[in-house]
Amino acid sequence: MKVYVPRDYSACAMGADEVARAIEREAARRGLSLDLVRNGSRGLYWLEPLVEVERNGERIGYGPITEEEVEGLFSAGFLEGKEHPARLGDPEEIPYLRRQKRLVFRRMGRTDPLSLDAYRQQGGLAGLTRALTLSPQQIVEEVTKSGLRGRGGAGFPTGIKWKTTLQAAADRKYIVCNADEGDSGTFSDRMVIEGDPFLLIEGMIIAGLAVGATEGYVYLRSEYPLARRVFAEALEKARAVGMLGDDILGSGKSFALNLYIGAGAYVCGEETALLESLEGKRGMVRPRPPLPAIRGLWQKPTVVNNVITLASVPVILADGAEAFAQLGVGRSKGTLPVQLSGNLKRPGLVEVPFGITLEELLFEYGGGTASGRPLKTIQIGGPLGPFLPPSLFPVTLDYEELTKVRGIVGHGGIVAFDDTVNLGRMARYAMEYCAGESCGKCTPCRIGSTRGMELLDQILSGKKGPEAAELLVDLCDVMVNASLCGLGGMTPFPVLSGLRFFPEDFGYSKEEVEPLLQKV
Amino acid sequence: MENGKVERKDELEGILQTFARQANGLIPAFHAIQNRYGYVPKECLPEVARAFNLSQADVYGVLTFYHEFRHEPAGRHVVSACRAEACQANGSATVIERIRERLGIDFGETTPDDEVTLLPTYCFGNCACGPSIAIDGKLYGRMSAERVERMLRGMGALE
Ligand SMILES: Cc1cc2nc3c(=O)[nH]c(=O)nc-3n(C[C@H](O)[C@H](O)[C@H](O)COP(=O)(O)O)c2cc1C
Ligand code: SF4
């Protein structure tokens, strides 16, 4: 008899550890023996802690379950899959999950993330096994054909990046995984590392084979302590069985992988700041060129990729580039693990092909606001993404389509706000955040963000007329055009979008702001 | 997490020996020092600089760049509240307001009785289950003002 309780940071924040202990206690009290498995989360977060029972190969879910409800769960006969108010049936038949197209997250929540046997049984290592039969050029070709674009934010084609590093001649090259996941409203990297860590390891080994790198680093943010513990354990296991090391799966090829913990700096998610930090220095952004693909870590050619980018690679190698490229629309190929959060009834992880509308994500999946009040706006693509009004919810999830409305895909986070939000305050917050996180290398960002904050304080206190809005727009214009990196360069997005779509929140009328906004 | 003065120099040397061998060992060394002492004491810096063959200014520059590293001892309990957007969308402002008001301190401060330090965090990755508060390293989701007050009372932080 198997019982599953997720060991996922969010599930644990909702009491999963306590529920797991209560289940063990109650089973002991009743003289029952059961096999308690700590799985990853399926990402249906409004149902966490989601307890599952496996009987004759079938899974029955119950959720959300509190510690106090565990005894009642036993009494109701959950081990036989019996009725209970929290009974959900087969979790994979819940429409929220059934309607998704999970490629990267295909195993998520099914098994013990730290069991390599379970990983293999569920299709793990198929991508690496195939990659070991291919030449570096062939692997790069496959990734290029898949159309995979970077999931960290910039959406740069992964195959092109890899080709650059493959062609760079050097005695040493590196694979660096960007697991800094600093965007509020995102948690897909965390889920992969906690819930399917071997997938990331497999993706990084394939990247190493593709570009000729034999060493890699995962740069993980310090705010993810559970991910750190799980990944450290996964690394040990992968080394012990020869998945990592000098003889990858008996192929004679080698790859070494290390875990490095950040120290709370949003800008270290920017790839060149990340490399500085990984070298043990202040996380100052490097001017480009040179590209990290040519001169990165310790000045050696380095592939820097997001967790989800790297975790997509084993899937592409296993299923073939065509299968991946068939999904999605236009130049946005494959699936995106969208993360729904904020004021929604059903927040969670929704992996779907590109091309779905924002409306469908927010209402069909998200269920509308949790508060029951009108959904006023969403912020898409993290703290540097714009606020979009409901009139733009028919737009599809697609790099190019979103760009047309000044939106971004970013790392796939969508945060929903009801009508109690004030966009003037959010704009002020964006400037304050930028001021706090700026690396200080360039003036528009370092000084501009503080000036922006002061200006917004004056605007919001009603002490300034429309000329303050003009100043704000000019300041944003300078930040967008003259900042060295995206922190200073994109902080104006939430500010200007707020002003554009919700001028009344700043104390202005549409007529006052529209002429100003024409130049940006 | 433990607080304490840097009494045992050999202990610090042990930490430094482990990390100074690594070309990128400075940040891991600060993590280890903070783990041991609850903060990174200023008195450590000359030795850190020596171990890494860097100037004290360089070492100080790295230390102060990162929000994670504290320069003063924390209170007996550390409360970290997420200030980022996703938690704001779920009403974190009222939770944070209640903490500030009941403890009488702002972010970055410690209560006069050294009981609680309040720290800001920008995202725990618990965005689907916010507002998020961590107390002494344990994360709690779906926090409300009432519940956080109960928890503060439960740990003896409120009279
Ligand atoms: C301020 C700032 C923060 C960023 N934070 C992250 C991050 O947390 N994770 C990430 O993968 N990329 C982040 N990026 C994007 C990286 O610079 C880089 O584009 C990415 O790691 C490349 O990997 P990809 O091609 O797989 O997306 C950030 C960029 C900027 C400007
Ligand atoms: S925009 Fe800001 S974070 Fe980026 S390089 Fe300039 S100062 Fe640093």
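The values are calculated or read from the model by the stated rules, or taken from the named source; none is laboratory data. None of the values given here were measured: they were computed from a predicted structure. Note that each Cβ is placed from the backbone with ideal geometry, even for glycine, and that neighbours are counted across all protein chains shown. Side chains are part of the model used for accessible areas, which takes the heavy atoms of the whole protein and leaves out ligands, DNA and RNA. Shrake-Rupley method; radii C 1.70, N 1.55, O 1.52, S 1.80 Å.
As a length-normalised measure over Cα pairs under 8 Å and 6 or more apart, the relative contact order of chain B settles at 20 percent.
With coordinates expressed along the principal axes, the C-alpha atoms belonging to region A:116-325 extend over 40, 37, 32 Å, beginning with the largest. Along the Cα-to-C-beta direction of B:Arg21, a point sits 7 Å from the Cα; which residues of region A:232-248 have their amide N less than 19 Å from that point? Within reach of a label on B:Arg21, which here means backbone N under 19 Å from a point 7 Å along Cα→Cβ, region A:232-248 contributes A:236.
Residue by residue through B:113-122, how many Cβ atoms from other chains fall within 10 Å of the Cβ on average? Could you put the intermediate results ahead of the total?
Values: counts 0, 0, 0, 0, 0, 0, 1, 2, 2, 11.
Other-chain Cβ atoms within 10 Å of each residue's Cβ, averaged: 2.
Considering only C-alpha atoms, what is the centroid distance from region B:110-159 to region A:376-424, in Å? First find each Cα centre; the distance between them is then 30 Å. I'd like the distance between the alpha-carbon centres of region B:25-47 and region A:291-329, rounded to an integer number of Å. Measuring centre to centre over Cα atoms gives 36 Å. The alpha-carbon positions of region A:212-369 define a convex hull whose volume is 168 Å³ per residue. Starting from the Cα of B:Lys42, draw a straight line to each of the lysines and keep only those under 16 Å, dropping any in the same chain fewer than 8 residues away. In chain and number order, the partners are B:Lys5, B:Lys9. Rounded to the nearest whole Hz, the Karplus-based 3J(HN,Hα) values (6.51 cos²θ - 1.76 cosθ + 1.60, θ = phi - 60°) of region B:38-52 follow the sequence x, 6, 9, x, 4, 4, 6, 4, x, 5, 4, 4, 4, 4, 9, with x at glycine and proline. Within the protein assembly as shown, DSSP assigns beta bridges of which about 55% are antiparallel (rounded to the nearest 5). A:Glu514 contributes an accessible area of around 100 Å² to the protein surface, as traced by a 1.4 Å probe with all chains present.
For A:Ile201, the shell of other residues with beta-carbons less than 12 Å away shows a net charge of -2, using +1 for Lys and Arg and -1 for Asp and Glu. Remark on B:Gly38: its backbone amide H falls under 5 Å from those of B:Glu2, a criterion applied only to residues 5 or more positions apart or on other chains, H modelled at 1.01 Å from N. Can you give the accessible area of A:Glu512 in Å² (nearest 10), computed on protein heavy atoms with a 1.4 Å probe? Using a 1.4 Å probe on the heavy atoms, I get roughly 70 Å².
A protection proxy built from the mean count of other Cβ atoms within 10 Å ranks the segments A:296-308, A:363-375, B:24-36, B:121-133, most packed first, as B:121-133, A:296-308, B:24-36, A:363-375. Extending 7 Å from the Cα toward the beta-carbon at both A:Val241 and A:Trp298 defines two label points whose distance is 3.0 nm. Residue by residue along A:341-348, Cβ atoms of other protein chains within 10 Å of the local Cβ number 5 on average. Using every pair of distinct Cα positions in region A:423-517, the Kirkwood expression returns a hydrodynamic radius of 12.8 angstrom. Taking the empirical scaling 2.2 N^0.38 Å for compact globular proteins as reference, chain A has a Cα radius of gyration ratio of 1.00.
Over all pairs of different C-alpha atoms, region B:9-65 has a mean inverse distance whose reciprocal, the Kirkwood radius, equals 11.0 Å.
Relative contact order, percent, of region A:189-298 when contacts are C-alpha pairs under 8 Å separated by at least 6 residues?
Numbers: 126 pairs, mean separation 24.2, N = 110.
This gives 22 percent for region A:189-298.
Dipole check for the protein assembly as shown: with +1 at the C-beta of Lys and Arg, -1 at the C-beta of Asp and Glu, and the Cα centre as origin, the magnitude is about 1280 Debye. For region B:111-116, putting each phi into the Karplus relation 6.51 cos²θ - 1.76 cosθ + 1.60 with θ = phi - 60° gives couplings of 4, x, 8, 6, 7, 10 Hz, in residue order, rounded to whole numbers and with x for Gly and Pro.
Which of the listed residues, A:Asn39, A:Phe417, A:Thr133, is farthest toward the dipole's positive end in chain A, when Lys, Arg count +1 and Asp, Glu count -1 at the beta-carbon? Towards the positive end, the residue furthest out is A:Thr133.
When the Cα positions of A:Val473, A:Ser483, A:Leu460 are compared along the charge dipole of region A:423-517, A:Ser483 comes out farthest toward the positive end, with charges on each C-beta of Lys, Arg, Asp and Glu. The three principal axes of the C-alpha atoms in region A:328-418 carry coordinate ranges of 36, 23, 21 Å, sorted with the longest axis first. Centre-to-centre separation between the Cα atoms of region A:10-60 and those of region A:449-496: 49 Å.
Highest average first, the peptides A:4-10, A:464-470, A:274-280 ordered by how many other beta carbon atoms sit within 10 Å of their residues are A:4-10, A:274-280, A:464-470. Taking Cβ atoms as reference points and 14 Å as the exclusive limit, the residues near A:Arg373 contribute a net charge of 0, counting Lys and Arg as +1 and Asp and Glu as -1.
What number does chain B give for Rg over Rh if you use C-alpha atoms and the Kirkwood radius?
Working: Rg = 17.6 Å, Rh = 17.0 Å.
Checking Rg against Rh, the ratio lands at 1.04.
Once all protein chains are placed together, B:Tyr140 keeps about 50 Å² accessible to a 1.4 angstrom probe.
At a probe radius of 1.4 angstrom, the accessible area of chain A per residue rounds to 36 square angstrom.
Within a Cβ distance under 14 Å of A:Trp162, other residues only, what is the Lys/Arg minus Asp/Glu net charge? My count for the surroundings of A:Trp162 gives +3. Ignoring lysines fewer than eight residues from A:Lys145 along the same chain, the ones with Cα atoms less than 21 angstrom from its Cα are A:Lys101, A:Lys161, A:Lys163, A:Lys333.
Here the 3J(HN,Hα) profile of region B:125-134, calculated from phi with Karplus coefficients 6.51, -1.76 and 1.60 at θ = phi - 60°, is x, 10, 4, 7, 10, x, x, 10, 9, 10 Hz, Gly and Pro shown as x. Chain A and chain B together bury an accessible surface of about 3400 square angstrom, both sides counted, with a 1.4 Å probe and no ligands or nucleic acids included. For region A:7-117, a Kirkwood hydrodynamic radius built from all Cα pairs, placed in the Stokes-Einstein relation at 25 °C and 0.890 mPa s, yields a translational diffusion coefficient of 171 µm²/s. Towards the positive end of the charge dipole of the protein assembly as shown, with charges on Cβ (+1 Lys, Arg; -1 Asp, Glu), say which of B:Ser132, A:Leu297, B:Thr64 has the farthest Cα. Sorting the options by dipole projection puts first A:Leu297.
How much length, in nm to one decimal, is gained on full extension between A:Glu470 and A:Ala169, taken as 0.36 nm per residue of separation minus their Cα-Cα distance?
Extra length available between A:Glu470 and A:Ala169 comes to 103.3 nm.
Less than 5 angstrom separates the built amide H of A:Leu36 from those of A:Val3, all sequence-distant by 5 or more or on a different chain.
Only Cα pairs under 8 Å and 6+ residues apart enter the sum, and on that basis the relative contact order of region A:423-517 stands at 36 percent.
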